[in-house]
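Here the structure is laid out as structure tokens; the discussion comes afterwards.
No lab work stands behind these numbers, since they all come straight from the coordinates. Everything quoted here is computed from the prediction, not taken from an experiment. Quick reminder, even Gly has a Cβ in these numbers, built from the backbone with ideal geometry, and neighbours come from all protein chains shown.
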Amino acid sequence: QVQLVESGGGLVQPGGSLRLSCAASGTIFSINAMGWYRQAPGNQRELVADITSGGSTNYADSVKGRFTISRDNAKNTVYLQMSSLKPEDTAVYYCNADIKTKRYLRSNDYWGQGTQVTVSS
């Protein structure tokens, strides 16, 4: 079994910063891409940022220059440093990872339970 556990969400004022963490645990052979998605009420879930096992990153245009994704492969953990937060960043943020549990099995997508980020004065 594989679990993704997120932490670090909360309430922050506009212009503030938050750091999200997501740790993968369980039966893990290897982790390919890891990423963060978000979903605001009434909206579809959207990609915020992702990062390959080699460290290549990709960002949504709306967060470029404000958010930074990183990972610690030794800890099976991905981070999202969010700065200059805006009210429109308010959403539930979900961690995602493409994980192989055995050498000979194909990888599968796993999701965290989500963490609320609220940007408000």
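A few remarks follow.
- Taking Gly65, Gly35, Gly55 in turn, the Gaussian network model of the chain (Cα-Cα springs below 10 Å) assigns the largest fluctuation to Gly65.
- Taking 10 °C and 1.306 mPa s as conditions, the chain diffuses translationally at an estimated 110 µm²/s according to Stokes-Einstein applied to its Kirkwood radius (Cα pairs).
- Contour minus Cα-Cα distance for Glu88 and Ser7 (0.36 nm per residue): 27.1 nm
- Close amide H contacts of Leu85 (hydrogens built in the peptide plane, cut-off under 5 Å, sequence separation of 5 or more or a different chain): Gly15, Gly16.
- Compared with the alpha-carbon gap, the fully stretched path from Ser25 to Asn43 is longer by 3.5 nm at 0.36 nm per residue.
- Under 22 Å from Lys100, Cα to Cα: lysines that are on another chain or at least 8 residues apart: Lys75
- Loop-located trypsin sites (Lys or Arg not before Pro) in the range 47-113, at most 11 other Cβ atoms within 10 Å (DSSP): Lys64, Lys102, Arg103, Arg106
- Within the chain: Cβ-based charge dipole about Cα centre, in debye rounded to nearest 20 (Lys, Arg +1; Asp, Glu -1): 320
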